[in-house]
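Since the structure comes first, as structure tokens, the remarks are kept for the end.
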Amino acid sequence: MLSVEEALAGILAQSNRLPSEAVSLMEAQGRVLAEAITAECDLPPFDNSAVDGYAVLSTDTESASSDTPVTLRVIGEVVAGELAEQQLLTGAAIRVMTGAPMPVGADAMVMVEDTRLGGGNTVQILLPARKHDHIRFRGEEVRQGDTVLTEGTPIYSTQIGLLARAGHGQVRVYRRPRVAVISTGDELIGIEEPTPPLGKIRDSNRYALGSMVQEAGAILHSLTHIPDDLEATEAAFRQCVDSGADVIVTAGGVSVGDRDYVKPVLEKLGRLEFWRIAMKPGKPLAFGQIGNTLFFGLPGNPVSAMVTFELFARPALRKMAGYPDNAIMRPIIAVTLSEPIPHTPPRREYARAIVTLEQSGFVATTTGNQGSSRLSSMMGANALIVIPEYSNGLDAGEQAQALLLNLK
Ligand code: AMP
Ligand code: MG
């Protein structure tokens, strides 16, 4: 049996980053930048005030205190977006709003809170200003031509803001993989059909996996079901490849049942690597390629399908979408177990769990019965506890590692 790491390494080695495309700024959310972005001008672009207050010559205010204020003549006002008309000379002050350009001649700002209105057009300064107080200087944050975002950066709200500030209405990002999801099985009934007769069950994998594709930031290319039939299986795989799917994900039909056709068809149309992975849930996994289309044949049990998607397909999709190595996998944290978890070697187990932050740190509690057909064991789970291959069970209070599912 292959270890989880060996299987993942084999998969990632064949998951190639897709070409880039230009998208509008607001469509870039959650995508990965395919170009470096440089500043179009110095930032801030001009010296400006960080406060609402008065532009002064700091030397004029040296003796100021609340008992002996310095009185200055207010000779003008500058609001954000405009330029000061007057030059500041000694004995004068100019009212300046936050973000407005500094008047020529001034070397400090005094906050409104440190002033009092005087009689006539005057202001009383209650504190000495030091040179450069409350001024944001041109280029102090970024210089024109500096790199503000490097290629390979995932784009979220901060990056959208930085891109906007650099004047980019369009950006180049890596293409997202188009993923075809196929459920297999004669026993399955789709959501559009009436209550299943005895012997049939509702198809849940098709929809759950389709949703996981979208949660991973990939495009759901198609969502279909095929019966356990050789010709239907071959026709469905061909159709996905011909219509431009970058990835095919199937569920079911990969074990040793009499009517498991996924492996033979993949072998006929492309290349099959079939692995038994030392993990629970989800031992069998068919991986391969049909032409340039990557293929994941996941096990059919609903929990196995979702956990193997999480551990193997999701990292591949993230890598194809251009995510850097440190953003391909979920974060792993140390947790304390609130209860014992039984285990028998030699397969690594991933227990669905709810992690909460207590005073003592992160505490993990399993979602109960961990049977791999029990979809309800995924309910509320925000983590997978990793139970090592050769553990004979973990005790309450023991430390374990957990993958956090709700973080990117
Ligand atoms: P298989 O790997 O095809 O033998 O399926 C293993 C188990 O998972 C069987 O009990 C199937 O009925 C069940 N199963 C397979 N596919 C689905 C599906 N799409 N939705 C719900 N259960 C499924
Ligand atoms: Mg089946």
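Points worth noting:
- For the range 118-175, trypsin sites (Lys or Arg not before Pro) meeting the loop criterion (DSSP other than H, G, I, E, B) and having at most 13 other Cβ atoms within 10 Å: Arg130, Lys131, Arg143.
- Relative contact order of the range 300-368: 24 percent, from C-alpha pairs under 8 Å at least 6 residues apart in sequence.
- CD proxy at 222 nm, helix term only [per DSSP H run n ≥ 4: -39500 (n - 2.57); per residue of the chain; nearest 500]: -4500 deg cm²/dmol
- Candidates Phe312, Phe137, Phe287: whichever shows maximal mean-square fluctuation once the chain is modelled as a Gaussian network with Cα springs under 10 Å: Phe137
- Of Leu89, Leu149, Leu311, the one that fluctuates the most in a GNM where the chain has Cα springs shorter than 10 Å: Leu89
- Low-density loop positions, GluC sites (Glu not before Pro), the range 190-241 - DSSP coil, at most 15 other Cβ in 10 Å: Glu192
- Cross-link reach is defined here as a Cα-Cα straight distance under 18 Å, omitting same-chain residues fewer than 8 places apart; for Lys283 the lysines meeting it are Lys263.
- Length gained when the stretch Arg271-Leu220 is fully extended (0.36 nm per residue, less Cα-Cα span): 16.0 nm
- Among Tyr156, Tyr174, sorting on how many other beta-carbon atoms sit within 10 Å of each Cβ, with the fewest leading, yields Tyr156, Tyr174.
- Normalising the average separation of contacting C-alpha pairs (under 8 angstrom, six or more residues apart) by the number of residues puts the relative contact order of the range 48-136 at 42 percent.
- Degrees separating the helix 205-215 axis from the principal Cα axis of the chain, which is the longest one: 20 degrees
- GNM result for the chain, Cα springs below 10 Å: residue of Ala321, Ala164, Ala251 fluctuating most strongly: Ala164
- For Lys319, a cut-off of 18 angstrom between C-alpha atoms picks up these aspartates and glutamates, skipping any fewer than 8 places away in its own chain: Glu5, Glu6, Glu21, Glu35, Glu151, Glu215, Asp246, Glu310.
Read-outs throughout are calculated quantities, based only on the coordinates presented, and are distinct from any laboratory measurement. Predicted model only: the values in this text are computed from it and were never measured. Here Cβ is always computed from backbone atoms with ideal geometry, including for glycine, and neighbour counts include all displayed protein chains.
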